[in-house]
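The values are calculated or read from the model by the stated rules, or taken from the named source; none is laboratory data. Predicted model, so just to flag it, every value in this text is computed and none were measured. Cβ sites come from the backbone with ideal geometry, for glycine too, and all protein chains shown count toward neighbours. Note: accessible area is taken over every heavy atom of the protein model, side chains too, but ligands, DNA and RNA are not part of it. Shrake-Rupley method; radii C 1.70, N 1.55, O 1.52, S 1.80 Å.
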Amino acid sequence: MASAAMSTERLLARAFNTLDVAEIRWAQLRDHHALVPGDDVDLLVHPADADRLEAALGELGFARILTWRHGYHRFHVAYDAEADAWLKLDIVTQLAFRTGGEVPGGVVDAVLSRGERAGDRVRLTGDDEFWTLLLHCLLDRGSVPDHHLARLQRLAEGHDPVGPVRDALAASAQAAAAAVGGVRTGTVSSLMAVADELDRALVRPNLRHRMRRRTASALAPLIRMVRRPGVSVAVLGPDGAGKTTLIGSVAERFFFPTRTYYLGLYGGSRRSRSGLRSLAGRAFIGQLATVWRAYLAAAIERRRGRLVIFDRYGSDALLPSRRGRSTWKRRARGLLIGRLSPRPDMVVLLDAAPAQLLARKNEHSAETLERQRRGYLAIAERWRATVPVVIVDAGQDASTVHREVVAALWRAFALRRRP
């Protein structure tokens with residue numbers, strides 16, 4: 001975990017440097033002494049710089065995640081292959097709270113101008129962090145967790161926190177003073193008792209602004225389906241290449257919801273039938289219907305922004321026979337199922353030498369596996385003209401294969417989400 005955290009910290013440092021180079025005004029909202037993979041990192045960004053933010057982070061592989069009813073929040077996510085961990089930036093352009101209250105717009109400018117540089121980071125002053133964290137606990141969370149209370153006590157030690165956020169609460173000066181006292185004594189009940197009064201001291205956006213925000217939130221799912229579809233990937237490879245292991249690990253740990261469809265077609269029907277009867281038989285028609293049902297279901301899931309993984313693909317119909325013979329039936333099957341299959345967004349081919357495949361799954365001869373391997377490489381070359389193809393050395397350990405594939409998948413997602 002320590003090495004993973006260090007790797008994610010390096011990615012975070014690069015993100016901070018990118019914001020600085022782009023001259024984006026920002027500061028870290030809450031203190032993160034030791035980042036744990038999976039934690040959100042909360043940032044405040046000047047609203048005038050928000051439009052340049054997505055492009056700047058996109059160069060590092062961050063993708064913006066459209067969310068529903070999150071107001072001023074913008075979520076940007078990146079995958080750290082070295083740590084096999086996700087880094088999520090929760091970015092706000094206004095100090096607004098779930099209760100509907102906001103600090104006046106000019107306060108953000110004042111808070112950011114007072115930010116304190118500490119190495120590669122810009123942090124709020126201790127006083128500004130105190131008030132933003134306290135309001136976050138009382139008005140967003142409706143509770144004050146022990147670790148936040150301890151942080152608030154350190155920030156208020158020896159003085160009364162002041163600053164532009166405190167000035168915005170001037171209408172409830174008595175409640176603000178009581179809140180500072182509650183923090184020092186550690187009396188959470190007294191803090192909750194003044195939450196409503198502090199909330200009333202904040203400004204409320206006008207009706208037009210509230211309606212615009214609500215409309216944007218309501219339309220977010222539709223916008224996500226229209227502008228930010230997911231990615232479909234066909235995972236190919238000979239028997240023993242580790243497709244099942246890879247797909248299981250990706251589906252379990254990928255950032256977005258994942259749907260998997262199995263389209264194993266290799267070998268076709270083993271019944272002995274006449275050519276015409278086999279071509280028109282129920283087995284072939286059922287196989288054709290199965291793959292197209294999967295394609296249609298996958299298209300819906302992809303449109304919803306999900307990762308769609310095909311375990312094998314219709315292109316498997318183009319593989320050579322295990323017996324090395326090709327009949328007109330196989331060629332017709334390859335045309336109707338293989339060549340007419342819809343195009344996935346990308347292809348991942350797990351490639352390994354027959355000896356390695358035999359060591360994992362001793363079901364076929366080395367000659368059969370080599371034919372499979374060459375067939376898949378030929379299919380990959382055919383796909384390469386129209387879609388990205390990633391060939392991964394399946395002889396590596398499963399963890400390395402997983403990281404390489406997830407990094408490639410995330411690049412495809414991130415490219416779809418660039419402005």
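If you scan region 347-367, which residues turn out to be open to solvent by 20 Å² or more (accessible area, probe 1.4 Å) and small (G, A, S)? Quick ask: steps written out before the conclusion?
Taking region 347-367 as the starting set, the residues that turn out to be open to solvent by 20 Å² or more (accessible area, probe 1.4 Å) are 351, 353-356, 358-367.
Matches in region 347-367: A353, A355, A359, S365, A366.
Counting only residues that are open to solvent by 50 Å² or more (accessible area, probe 1.4 Å) and in a loop (DSSP other than H, G, I, E, B), which one in region 325-346 is modelled with the lowest pLDDT? Spell out how you get there, then give the answer.
First pass over region 325-346, keeping only residues open to solvent by 50 Å² or more (accessible area, probe 1.4 Å): 325-329, 331, 335-336, 339-340, 343.
Adding the requirement that they be in a loop (DSSP other than H, G, I, E, B) leaves 325-327, 340, 343.
Working: R325: 59, S326: 62, T327: 65, L340: 80, R343: 90.
Ranking the candidates gives R325 first.
Looking at region 117-167, which of its residues are hydrophobic (A, V, I, L, M, F, W, C), within 28 Å of the chain's Cα centre (by Cα) and part of a helix (DSSP H, G or I)? Spell out how you get there, then give the answer.
Filtering region 117-167 for residues hydrophobic (A, V, I, L, M, F, W, C) gives 118, 122, 124, 130-131, 133-135, 137-139, 144, 149-150, 152, 155-156, 162, 165.
Filter once more, so that each one left must be within 28 Å of the chain's Cα centre (by Cα): 122, 124, 133, 137, 139.
Within region 117-167, L133, C137, L139 qualify.
Just checking, how many residues over region 75-90 are surrounded by fewer than 21 Cβ atoms within 10 Å (Cβ to Cβ) and either modelled with pLDDT under 90 or small (G, A, S) (or both)?
Adding up the residues that qualify gives 3.
Among the listed residues A13, A2, A34, identify the single one that is open to solvent by 20 Å² or more (accessible area, probe 1.4 Å), among the aliphatic types (A, V, I, L, M), in contact with an Asp or Glu (Cβ under 7 Å, 6 or more places away or on another chain) and at pLDDT below 95. Steps first, please.
Working: A2 fails: in contact with an Asp or Glu (Cβ under 7 Å, 6 or more places away or on another chain); A34 fails: in contact with an Asp or Glu (Cβ under 7 Å, 6 or more places away or on another chain).
Criteria check complete, one pass: A13.
Pick out the one residue from G264, G181 that is modelled with pLDDT of 95 or more, open to solvent by 20 Å² or more (accessible area, probe 1.4 Å), outside any strand (DSSP E or B) and among the small types (G, A, S).
Numbers: G264 fails: modelled with pLDDT of 95 or more.
Exactly one residue qualifies, and that residue is G181.
Out of curiosity, is G106 over 29 Å from the mean Cα position of the chain (by Cα) and not polar (S, T, N, Q)?
Numbers: over 29 Å from the mean Cα position of the chain (by Cα): yes; not polar (S, T, N, Q): yes.
Judged against the criteria, G106 is a match.
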